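Data block below; observations after.
Since every read-out is calculated from the coordinates, none of them should be taken as a lab result. Predicted model only: the values in this text are computed from it and were never measured. Methodologically, a virtual Cβ is constructed for each residue, glycine included, from the backbone with ideal geometry; neighbour enumeration extends over all protein chains shown.
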Amino acid sequence: MNVAEGTIVPDSHAPDSTDAVLTVDSVFKRFGPLAVLDGVSLSVSRGAIHGLLGKNGAGKSTLSNIIAGLLRLDGGIILLNGEDVSALPLTARKKRGLHLLSQHSEIFEDLSIGENLLLPDLPRRFGLTDWAALHRLAARQLESHGMPVDPRRRAGDLGASDRRRLAIIKAVAAEASLIILDEPTAGLAAAERMHLLEWVASLTQRGTSFIYISHHNDEVRQLCSEYTVLRDGKVTASGKAAALSADAMARVITGADVAEFHRSREDHPAAIEISGLTFPGGGPVDLTIGRGEIVGLVGLLGEGPQELMRALGGLLPVEAGAVLVDGRAARLGSPGQSLDSGIAYLTHDRIGEGLVGSMSVTENLNLGNWPRSLGWLVSGAGMNRRMREARGAMDIVMGSGSQEIGELSGGNQQKVLLGRLLERKPRLLLLDEPTVGVDVAAKEQIHRLIDDATKKGVSVLLLAQDPEEMQRLVDRVMIFSKGRIARTLRGAEITIDAIAEARTAR
Amino acid sequence: MKVFEMASKKFLLDNVVWILIVIFSVLAGFLNPFFLSEGNLQNVLVQATTLGVLVLAVSFTLLIGEIDLSVVGNLVFSSMVGAYAMQQFGVHWMLAVLITIVAGVLVGLLNGYFVAYLRMNSLIATLAMGLFLQGAVLGATQARTMVVTDEGYSYIGSATIGNWPVMPLALFVAYLLAHIVLAYSAWGRSLYATGGNRRAANAAGINVKRARLGAFTASGFLAGVAGFLYTSYLGGVSVTVGSTTLLYAVAAPVIGGVSLFGGRGRVIGMLGGTLLITVIQTGLQLINVSAYYIQMIGGAMILLAIAVDAFRIRSEERGVV
């Protein structure tokens, strides 16, 4: 086992391989020159909930994708119930009882709950779907797993927590021996979280094992019987969860002596004044943001922070209120108008809403803001100059500006998007998950770029699922509830725990 | 060496339409030497002019991920309006040309409003618009051809300069302008961006609705131009342009590599698609293939071209479903 410095390995005896559902041995994975998994080993006992912990970018998702068969490993071995499945594709691993349920539970919203549960093997009669049998079977399964709902209802009408339950029941009903849950409680309120967790715990009595990925250390300590901590692609700790205190757990996850940059927090003169802003899903919101200040927004999904950002960015209609940018009234109504008013929105959905996949890196950098010649023609020289500048300033790793944007890594794509916005010289930057799907090194660079922008006087609103990222960057935190600002955290109040707490409490 | 192989394979696949033109021309020339004569080249280019402008019209809408099936109806309608103005009010031919094109633009604006602002499905909306316009023309003329005798109006379709017809000049000017607009103008790039990813284009500050309206307006403008050219060439308004013309106008851009899903396609490819279809048609006529078989062989050639295109897409996106 490859063990990094400053680690705790409380259980030194090797886990007995006969009672292990899954054994991962020295798995390596590289993305380009970067080793994202550097000799990771872990073992999951039968009937256990195995917590997989680590910061964003530590390699948790990569590891779970490799275990499930979504990614190919570059070295090492994976044993499922004693059988080597390293070379098998996803479907074959599924047949052997290995299921991965990602954060975006895959349900078909327009199909019934029963169909969702039984697809692709719907009961048939004379070659046609036997609806009566389908509903009977589905109702029985739902009932026996403690989710008594009518299988004829539309699955899209289920709440977030029930959708996840449905996906889990589907896997359990398929006689899964191991289910990987990737952040199953993300975006849920505290009460729903507790319910879901207790329910998951009850499923282990049927012999199902779980790998449980979460940012919430307390959840893991409560729920999991064993755990593994990843940091920068290496295992830094593993063992029985009960043996570890909360503090010790936090320490092994973060790593005590990681050199991280810290923002200097100072007083900021007011630059952006939002007054009485009302929009679909929230408001009225009053908020003054200082010059060069980063204000974090925290709240449950649909509770307002993202809607506020999208309204400011021109992607949601503003119903009432006004925004002053450096004393001038901003026109909001379309992204173009927001950009012209000095407000730029960085989307959380890089592929769907950020980049044009059929266009080159250079074109994506200049999109919607082309350097002109003769007034209406696009200046190729101007585009290339901006590309060179952005590439140098942001350290974008790429072949040439004419290659398609999809060939770049997530981090470099994100830098191109950020570069496009910074070229507009915004006064207010709206960052909606600025480092989603980005590797550790790029994340660090993006954080520095954000910090550099604030030094030039740009004000920032930040939305981030990762409490750590939030704590690291922000000067102030606004906690949303039911579409309005309910509470403010300042100075020493801004801790990772306080942010994580605020996000889940209603 | 592998890089070189891949590059040459990509070059071949990108230019398959030109290779097919050469292969077909050699075959047709072998069977009837007249096919490779100067006279037939002139004939091909003249035949390609109206179709070529219609192909551009359809392409503008394909680039934003939509389609305009009203171009043939618009062609007939706008040329009838122009001819009517001359016959009834005796307007000068230059004004009549303007009226023809403005009529086309108005139809395009209406289509664009339907699709961009009312969010109507472009396939059905423009199909209906095309049926409506063609029906309106048939009703108004009682299916009689409207003869245009004005020499100014019919100059471009009939004049020659030193033995060469003038008409193909219009084709090349149209394609040159389209190339400049699509490849180099900010508006042209915004069409590609809108077609490639509408939400991303919007978030980047592009006025997507206006871009979409503009694409349909350009399509209407070009249909009007095609109407003028066709009337000028025929010396009258043919109220019954075949439905195969519409199919060819849709097939040609796709043969030339324009994506039906928007965001991809080069003007040179649109020209290649137009020429391939024209070459096939005139070539088969010259080697005395029956008109019915011409349609069949034309269909088969289009299938072949699209199959090659699909092969290219598959080889670019290997592994994706």
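The simple spin-label model puts a point 7 Å past each Cα toward its Cβ; for A:S402 and A:F31 those points are separated by 2.8 nm.
For the cross-link pairs A:K29/A:K234; B:K10/B:K209; A:K95/A:K170; A:K55/A:K456; A:K170/A:K482; A:K29/B:K9, the ones whose C-alpha atoms lie over 23 Å apart are B:K10/B:K209; A:K55/A:K456; A:K170/A:K482; A:K29/B:K9.
Classify chain B: rounded, prolate or oblate, from the alpha-carbon gyration tensor (a ≥ b ≥ c, eigenvalue square roots; a/c under 1.5 rounded; otherwise prolate if a/b is larger than b/c)? It comes out oblate by the Cα gyration axes. Under the simplified labelling scheme, the B:N163-A:A322 pair shows an inter-label distance of 7.7 nm, with each label point 7 Å from Cα along Cα→Cβ. Taking every residue in A:363-370 and counting other chain Cβ atoms within 10 Å of its Cβ, the average works out to 6. Peptides A:59-70, A:80-91, ordered by how many other C-beta atoms sit within 10 Å of their residues on average, highest first, read A:59-70, A:80-91. Placing +1 on the Cβ of every Lys and Arg and -1 on the Cβ of every Asp and Glu, with no other charges, gives the protein assembly as shown a dipole of roughly 1060 debye about its Cα centre.
Computed from point charges on the beta carbon alone (+1 for Lys and Arg, -1 for Asp and Glu), the dipole magnitude for the range A:270-504 about its Cα centre is near 780 Debye. Remark: spin-label model distance A:E444-B:A136 equals 6.7 nm, labels positioned 7 Å along the Cα→Cβ axis.
Averaged over the residues of peptide A:356-362, the number of Cβ atoms from other protein chains lying within 10 Å of each residue's Cβ is 5. Beta bridges assigned by DSSP with both partners in chain A are antiparallel in approximately 55 percent of cases. From helices alone, chain B scores -25000 deg cm²/dmol at 222 nm; the rule is -39500 (n - 2.57) for each run of n ≥ 4 DSSP H residues, then divide by the residue total. Go through B:L176, B:M120, B:G90 and say which Cα lies farthest out towards the positive end of the charge dipole of the range B:48-241; charges sit on Cβ, +1 for Lys and Arg, -1 for Asp and Glu. Among B:L176, B:M120, B:G90, the one farthest towards the positive end of the dipole of the range B:48-241 is B:M120. With neighbour counts taken as other beta-carbon atoms within 10 Å, the residues A:I351, A:I294 rank, fewest first, as A:I351, A:I294. Under the combined filter of DSSP loop state and at most 16 neighbouring Cβ atoms within 10 Å, the range A:116-184 retains these trypsin sites (Lys or Arg not before Pro): A:R152, A:R153. For the segment A:329-336, counting C-beta atoms of other chains within 10 Å of every residue's C-beta and taking the mean gives 3. Treating the angle as unsigned and between 0 and 90°, give the value, to the nearest 10°, between the Cα long axis of helix A:410-423 and the longest Cα principal axis of chain A. That helix lies at roughly 20 degrees to the long axis. Exposure proxy ranking for A:M383, A:M359, based on other Cβ atoms within 10 angstrom of each Cβ and starting from the fewest, stands as A:M383, A:M359. Classify the range B:19-61: rounded, prolate or oblate, from the alpha-carbon gyration tensor (a ≥ b ≥ c, eigenvalue square roots; a/c under 1.5 rounded; otherwise prolate if a/b is larger than b/c)? Judged from the Cα gyration tensor, the range B:19-61 comes out oblate (a/c at least 1.5, b/c at or above a/b).
For B:H92, the shell of other residues with beta-carbons less than 15 Å away shows a net charge of -2, using +1 for Lys and Arg and -1 for Asp and Glu.
Axis of helix A:160-173 versus longest Cα principal axis of chain A: the two differ by about 30°, to the nearest ten degrees. Between 0 and 90 degrees, the angle of helix A:131-144 with respect to the longest Cα principal axis of chain A falls at about 90 degrees.
Judged by the ratio a/c of the largest to the smallest principal axis of the C-alpha gyration tensor, the range A:265-344 counts as oblate, that ratio being 1.5 or greater while a/b is no larger than b/c.
Between A:W131 and A:A174, the contour length at 0.36 nm per residue exceeds the Cα-Cα span by 13.5 nm.
Of the complete DSSP H runs in chain B, those spanning 20 angstrom or more by Cα along the long axis with a mean Kyte-Doolittle score not below 0.5 are B:16-31, B:38-63, B:71-89, B:93-112, B:122-141, B:167-184, B:208-234, B:267-286, B:291-316.
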